[in-house]
Amino acid sequence: MASRKEGTGPAATSSTSTTGAGGKGKGKSGSGDSAVKQVQIDGLVVLKIIKHYQEEGQGTEVVQGVLLGLVVEDRLEITNCFPFPQHTEDDADFDEVQYQMEMMRSLRHVNIDHLHVGWYQSTFYGSFVTRALLDSQFSYQHAIEESVVLIYDPIKTAQGSLSLKAYRLTPKLMEVCKEKDFSPEALKKATITFEHMFEEVPIVIKNSHLINVLMWELEKKSAVADKHELLSLASSSHLGKNLQLLMDRVDEMSQDIVKYNTYMRNTSKQQQQKHQYQQRRQQENMQRQSRGEPPLPEEDLSKLFKPPQAPARMDSLLIAGTVLSRARRATS
């Protein structure tokens, strides 16, 4: 399957799309305010994303692609897209950055919007909250502030309801990712929780007037009396699969909690040992002082008591985010 290499998008856009996309909008917004309030997608882009998955997506495989368009004030308009091609690890000569540059250059030559404004990805039962997506979206959003990631759910769409959502990293999470410090203390200081890692941006699908007229004509000529018969509303198998995946992620969260509790116990135990050692040293110095002897030299306690390695908490937040996503999917 086509696998996005970390940093591929921003590398391809740093010389073309950053200034272009930013120049169309109001400029950089403050850290507490989102640069994009609404995402407007052409209907043709939605069809291209669906077609990409139907042709290359199978089972748990993920399809990804590039979003093109422009920024108008606080609205991101997505007018075109193209997929990342399928390639294997044996294709060592394939250069994704060069591929994207050539595609955008070709679109520019035929006067089609070629500014890079984000990327899209399919998901399998809501399992898109991963470290790979976090790193990729951070790279995009760091290079192009208005960038979004579109998440397409083919399973829910096949049940009769189009599932397409746009996400961005919150300003707080962007700051944490810039520092690259995911320790428990850093996340606590930044007040980052799994519910506030991503912000969803409202989506509006827009078609041209000619397409709207065509759809109205097709609806009039449709011979289907009850259109609801075309929809498969059976969801028991999908619900069971979703709950099974949800249980797996809850098990992972439980294991991660056990690791964190072990770290806290080891830290507390070491603090007690450190305190006891200091008390013994103090008593020994008092005895030496009473005998007229010089006190013992000061020792570096950080070398005697090396603090235990703190587990990275970002993975825990991602697991919790996946649990939340699948729980919402099960109740929807």
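The values are calculated or read from the model by the stated rules, or taken from the named source; none is laboratory data. In this text, all values refer to a predicted model and were calculated from it rather than measured experimentally. Cβ: placed from backbone, ideal geometry, glycine included. Neighbour counts: every protein chain shown. Surface areas here come from the heavy atoms of the whole protein model, side chains and all, with no ligands, DNA or RNA. Shrake-Rupley method; radii C 1.70, N 1.55, O 1.52, S 1.80 Å.
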Practice prompt. Taking the residues in the range 153-194 that are over 13 Å from the mean Cα position of the chain (by Cα) and among the hydroxyl-bearing types (Ser, Thr, Tyr) as candidates, determine which candidate is nearest to Ala312 (Cα to Cα).
Written response: Ser183
Practice prompt. Return yes when Gln270 is surrounded by 12 or more Cβ atoms within 10 Å (Cβ to Cβ) and over 22 Å from Asp315 (Cβ atoms) and no when it is not.
Written response: yes
Worksheet item: Pick from Arg313, Arg329: which is under 30 Å from Leu243 (Cβ atoms), open to solvent by 50 Å² or more (accessible area, probe 1.4 Å) and touching a residue at least 40 places away in the same chain (Cβ under 8 Å)?
Response: Arg313
Worksheet item: Does Gly126 fit the bill of being within 16 Å of Glu199 (Cα to Cα), surrounded by 22 or more Cβ atoms within 10 Å (Cβ to Cβ), modelled with pLDDT under 85 and more than 10 Å from the chain's Cα centre (by Cα)?
Response: yes
Worksheet item: If Trp119 passes every condition in (1) under 18 Å from the mean Cα position of the chain (by Cα); (2) surrounded by fewer than 18 Cβ atoms within 10 Å (Cβ to Cβ); (3) of a type outside the set (Asp, Glu) but one, which one does it miss?
Response: (2)
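Residue by residue, here is whether (1) at pLDDT below 85; (2) outside any loop (DSSP other than H, G, I, E, B); (3) farther than 30 Å from Glu195 by Cα holds:
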site	(1), (2), (3)
Asp256	yes, yes, no
Lys259	yes, yes, no
Ser268	no, yes, no
Pro295	yes, no, yes
Glu299	yes, no, yes
Ser302	yes, yes, yes
Thr322	yes, yes, no
Ala330	yes, yes, no
Worksheet, complete the sentence: By residue number, the members of the range 244-267 that are open to solvent by 90 Å² or more (accessible area, probe 1.4 Å) and basic (Lys, Arg) are Lys259, Arg265
Discussion item. Which of the helices (runs of 4 or more DSSP H) found entirely inside the range 1-103 contain at least 3 residues meeting this: modelled with pLDDT of 70 or more and surrounded by 13 or more Cβ atoms within 10 Å (Cβ to Cβ)?
Written reply: 43-56
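Do we have Ile151 as at pLDDT 75 or above and β-branched (Val, Ile, Thr) here?
Numbers: at pLDDT 75 or above: yes; β-branched (Val, Ile, Thr): yes.
For Ile151, the condition - at pLDDT 75 or above and β-branched (Val, Ile, Thr) - is met.
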Practice prompt. Give me a count of the residues in the range 273-302 that are among the hydroxyl-bearing types (Ser, Thr, Tyr) and open to solvent by less than 80 Å² (accessible area, probe 1.4 Å).
Written response: 2
